[in-house]
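Since the structure comes first, as structure tokens, the remarks are kept for the end.
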Amino acid sequence: MYAAFRSIGAYVPSRILTNAELEVMVDTSDEWITKRTGIKERHIAAEGETTSDMGVKAAELAIERSGLSKDAIDMIICATISPDYFCMPSTATIIATKLGLNKVMAFDISAACTGFVYALSIAKAFVESGMKKNVLVVGAERLSAITDYTDRGTCILFGDGAGAAIISQTDKQSEAIIDIHTGSDGAYADLLMTPNGGSGSVHDELDREAAGCFMKMKGNETFKVAVRTLTNDVVEILEQNNIPASAITHFVPHQANYRIIKAVGDALQLAEEQVVLTVEKYGNTSGASIPMAINDIYESGRLQEGDLMLLDAFGGGLTWGSALVPFSGKGIR
Ligand code: ACO
């Protein structure tokens, strides 16, 4: 029994937040943001539009494109750090109900920007073991809800959106997800965190009001660990599977910063057309970034059946993960 990456879908809210608008909000410039991150704009959810609302829209597309009936879905995993509700219910159960699926196993995972790769590895394990047949994996984020728009170190980076994929059982080895590597190191937890609100935080009501539950990031230190970790991670997964970088059709990295992506791409000696870039128009959408990027190449007709994708992610935790994934759906010509 193998696990196949059957289909992809995504949703992007219509409101665009440009660098020019951010220039008015904080002490920054379009030139600085473009040069240091590659980001030009990001999308922001409408008022009242939740993470689950966006996840549902991405999921509906992924289900439709898989050719499966909705009722064939037997598990839903949602990767998010901006859930509809802080502790419970999980965003995955809300997505399930909005899809009209009220009996399936559904849960969230928290691995920040690596969330989609972590969720993919869980889906793969369940499908390969025979416990589930068709798993809906959603990466959905309303990061604007946990972003401090007075902090120029973070607010220029993040955006909202969702992506979703269907992972299905197959008996064809050629369709199988080849390998997924995942790791974490909590010693670096303080590089990227939402310090308040959890049971481990020390705060009084005033602190909570002042600091809220916004993301804090030591950007430059995170940058260095990101480049090192992402590069080591992809080199390792390719070597262990005896696959040369030239065999990768699409390198789909987490879209955090153009400079990070460029450094990893250069280390692997990848050609420009192998590297998928969406950071310019979506910014960093954390757990949603990789499926949104895959959807981009799908909708532009670049992703075809049998194409080999190399996914690579890094995020708060710290967490990281990479995956070698053939696309087993029908591409758009
Ligand atoms: N506009 C203008 N100036 C700024 C801005 C801004 N938006 N932000 C910082 N600066 C200033 C700093 O104050 C500093 O000024 P100084 O030299 O006078 O002290 C200078 O620019 C350089 O700051 P750095 O932090 O060193 O800038 P850097 O080149 O590292 O870029 C950035 C910052 C974009 C955050 C980068 O470090 C980065 O992308 N880090 C990694 C992010 C990441 O991958 N996170 C993990 C995934 S996210 C997740 O898991 C949710």
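The values are calculated or read from the model by the stated rules, or taken from the named source; none is laboratory data. Not measured: the values here are computed from a predicted model. Note that we place each Cβ from the backbone using ideal geometry, even for glycine, and neighbour counts take in every protein chain shown.
If I filter the range 29-42 for residues that are in contact with a Gly (Cβ under 7 Å, 6 or more places away or on another chain) and either away from the ligand (no atom under 16 Å from the Cβ) or farther than 21 Å from Phe327 by Cβ (or both), do I get at least one hit?
Filtering the range 29-42 down to residues in contact with a Gly (Cβ under 7 Å, 6 or more places away or on another chain) leaves 39, 42.
Narrowing the set further to residues that are either away from the ligand (no atom under 16 Å from the Cβ) or farther than 21 Å from Phe327 by Cβ (or both) leaves 39, 42.
Taking every residue of the range 29-42 in turn, at least one turns out to be in contact with a Gly (Cβ under 7 Å, 6 or more places away or on another chain) and either away from the ligand (no atom under 16 Å from the Cβ) or farther than 21 Å from Phe327 by Cβ (or both).
Please go through the range 265-294 and give me each residue that is more than 30 Å from Thr50 (Cα to Cα) and touching a Phe, Trp or Tyr at 6+ places or on another chain (Cβ under 8 Å), ordered by number. Answer for the range 265-294, where residues must be more than 30 Å from Thr50 (Cα to Cα) and touching a Phe, Trp or Tyr at 6+ places or on another chain (Cβ under 8 Å): Gly265, Leu268, Leu270, Gln274, Val275. Going by the structure shown, is Ala288 within 16 Å of the ligand (Cβ to nearest atom), in a loop (DSSP other than H, G, I, E, B) and in the same structural domain as Gly219 (by TED's automatic domain parsing)? No; evaluated as a whole, the condition is false for this residue. Would the range 42-61 turn up any residue that is basic (Lys, Arg), assigned to a helix (DSSP H, G or I) and in contact with a strand residue (DSSP E or B) (Cβ under 9 Å, 6 or more places away or on another chain)? The answer is yes; a qualifying residue exists.
Suppose we keep only residues that are of a type in the set (Val, Ile, Thr) and within 20 Å of the chain's Cα centre (by Cα) within the range 121-157. Which one would you say is surrounded by the fewest Cβ atoms within 10 Å (Cβ to Cβ)?
Here is the first cut: in the range 121-157, the residues of a type in the set (Val, Ile, Thr) are 122, 127, 135, 137-138, 146-147, 150, 154, 156.
With the extra rule that they be within 20 Å of the chain's Cα centre (by Cα), the set shrinks to 122, 135, 137-138, 146-147, 154, 156.
Numbers: Ile122: 20, Val135: 28, Val137: 30, Val138: 33, Ile146: 18, Thr147: 21, Thr154: 21, Ile156: 26.
Among them, the one singled out is Ile146.
Within the range 293-308, the set of residues being under 20 Å from Ala263 (Cβ atoms) and either surrounded by fewer than 24 Cβ atoms within 10 Å (Cβ to Cβ) or more than 13 Å from the chain's Cα centre (by Cα) (or both) is empty. Of everything listed in (1) free of Cβ contacts under 8 Å to residues at least 60 places away in the same chain; (2) within 13 Å of the ligand (Cβ to nearest atom), the single unmet condition for Val117 is (1). If you check Leu157 against the conditions, is it among the aliphatic types (A, V, I, L, M), closer than 24 Å to Ser184 by Cβ and within 16 Å of the ligand (Cβ to nearest atom)? Against the criterion (among the aliphatic types (A, V, I, L, M), closer than 24 Å to Ser184 by Cβ and within 16 Å of the ligand (Cβ to nearest atom)), Leu157 qualifies.
Residue check: Asp266 meets all listed conditions (1) surrounded by fewer than 20 Cβ atoms within 10 Å (Cβ to Cβ); (2) within 15 Å of the ligand (Cβ to nearest atom) but one, namely (2).
Selection of the range 80-116 for residues being of a type in the set (A, V, I, L, M) and assigned to a loop (DSSP other than H, G, I, E, B) yields Ile81, Met88, Leu99, Leu101, Val104, Ala111.
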